[in-house]
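We did not get these values from a lab; they are worked out from the coordinates using the rules stated. Being a predicted model, the structure only gives us computed values, none of them experimental. Quick reminder, even Gly has a Cβ in these numbers, built from the backbone with ideal geometry, and neighbours come from all protein chains shown.
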Amino acid sequence: MSAGRRAQRAARRLLAFPATRRLVVAVGRRAPRVKEAGRALLGIEAGGSRHLHGKPRVDIRGGHMLLPHQGRRWPIVLVVALGLEPGDTEVVADALERVQLTTGRFRPLFLVDSGQLGPFRSRSYAVETVMPRAMYARVNPQDSYGDYLADRTLSIVTAYGVRSVVPVSVAALREGVRPDELRLLGQLEL
C-alpha cells in the first residue's frame with residue numbers, strides 16, 4: 001500500500017469522529033486552500049458526497065479471527081450494549097465473537113456506556129462510547145438522555161454506514177441467546 005493511500009485511510013478514520021469533522025469543516029470554511037489540499041488528500045471531487053458508490057468511507061475490520069481481506073464487504077452491525085457492569089464487556093465481546101464466527105457474516109461495531117474497552121480492542125473490534133445515564137443526568141440535567149442517545153446513535157450509523165442496529169442485554173447473553181435470534185444480527189435492515 002502506498003504512503004498516499006495510507007494517509008487517505010488514516011484521514012478518513014479520523015473524520016469518523018464528529019468533533020474532528022466539525023473542526024475540519026470550520027478550518028475549511030476559513031481557508032479555501034487548506035480545504036482544496038484536504039480534498040486532494042482524501043481523493044474527493046469538489047461537491048462530492050461523503051459516500052463513494054453508496055458505501056461509507058470508514059473501513060472497520062471484522063475482528064482478529066478473520067483474515068485481513070475477509071469480510072470487507074460484510075455489513076456493519078451496530079451492537080448497542082448499555083448499563084454494563086464491570087466484567088460485562090468481556091461477556092458481550094465473547095458472545096458476539098462466537099455469533100460472528102458461527103452464524104453470521106457481519107462486522108460488529110459496539111456502542112457501550114462503559115470505559116472498559118479492552119475486550120473489544122483485543123479482538124480488533126471497533127467500539128464507540130456514550131455517557132452512562134447517571135453521568136449524563138449530572139452533567140446535563142435539563143436534557144433528555146433518550147434524545148442524546150438517539151442523536152449519538154444516528155451520527156454513528158451515518159458515519160460508519162451501519163446496516164442494522166441491534167440492542168443486546170447482558171443477562172440474555174449470559175443465559176444464552178437462541179441461534180435463530182442470533183442470525184438476525186446480519187439481516188436487519190434500517
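If each of ALA19 and THR102 carries a label point 7 Å out from its Cα toward its Cβ, how far apart are those two points in nm?
Between ALA19 and THR102, the simple spin-label model gives 3.9 nm.
Taking the convex hull of the Cα atoms, report for segment 67-141 its projected area averaged over all directions, in nm². Could the numbers behind the result be given before it?
On the way: hull surface 21.9 nm².
Over every viewing direction, the Cα hull of segment 67-141 projects on average to 5.5 nm².
With a Förster radius of 41 Å, plug the Cβ-Cβ distance of GLN116 and GLU36 into 1/(1 + (r/R0)^6) and report the FRET value to the nearest 0.05.
Values: r = 42 Å, r/R0 = 1.03.
Efficiency at R0 = 41 Å is approximately 0.45.
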